Amino acid sequence: MSMYFDIGDETLWNPSNGAGRLFLRQVGVFEAELGLPSGIGQGKYWGDPDTLEVDPAVFAEFVRGLVAWHCRTGHAVISALSEGFVATAIALARRAGIDVEMPEPGPGPGHVCGGSQSDVQVPGNPRTASAATVAALDTRAREMDRWMAR
């Protein structure tokens, strides 16, 4: 069995049920964390939990917010826990024709954009996106795209 993540009649991703369920559960986690809807919902076959429709406008805002959030985290564990999901979401967005801009690297360790952060790793310095972080996320998203069945 498998799931379908569609925009209209186009299938963006056709993962196994296990991978699809795990992704959807993580969608819920990150919707709550970001306070943004994902745009992933009931598909054209109402009542079939294996078909999901992606609203491109809502998903675009979700993924852009997700990338910004991920790249500015100052916590190594949060970054590690979120990287795979963020990369998968970027790959899905790119398949949907959504332009996902990677943030510009920040000025370096110790600089916090917009004031204080609530999840700061101790010991360690809060950071904005470094060039290495942005490049690694982009590379990971491209790798994920190669492994995501259509």
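The numbers here are math on the coordinates, done by the rules we state, and not lab data. Bear in mind that the values here come from a model prediction, so they are computed numbers and not experimental data. All Cβ positions, even for glycine, are placed from backbone atoms using ideal geometry, and neighbour counts span all protein chains on display.
Which residues, taken from the range 75-88, are touching a residue at least 40 places away in the same chain (Cβ under 8 Å) and either surrounded by 22 or more Cβ atoms within 10 Å (Cβ to Cβ) or of a type outside the set (S, T, N, Q) (or both)?
His75, Ala76, Val77, Ile78, Glu83, Gly84, Phe85, Val86, Ala87, Thr88, listed by residue number.
Just need a number here: residues in the range 1-52 that are loosely packed, with under 12 Cβ neighbours inside 10 Å, charged (D, E, K, R) and assigned to a loop (DSSP other than H, G, I, E, B).
Going through the range 1-52 one residue at a time, the tally reaches 1.
Given the structure, is Trp69 of a type outside the set (Ser, Thr, Tyr) and either crowded, with 16+ Cβ neighbours inside 10 Å or part of a helix (DSSP H, G or I) (or both)?
Details: of a type outside the set (Ser, Thr, Tyr): yes; either crowded, with 16+ Cβ neighbours inside 10 Å or part of a helix (DSSP H, G or I) (or both): yes.
Against the criterion (of a type outside the set (Ser, Thr, Tyr) and either crowded, with 16+ Cβ neighbours inside 10 Å or part of a helix (DSSP H, G or I) (or both)), Trp69 qualifies.
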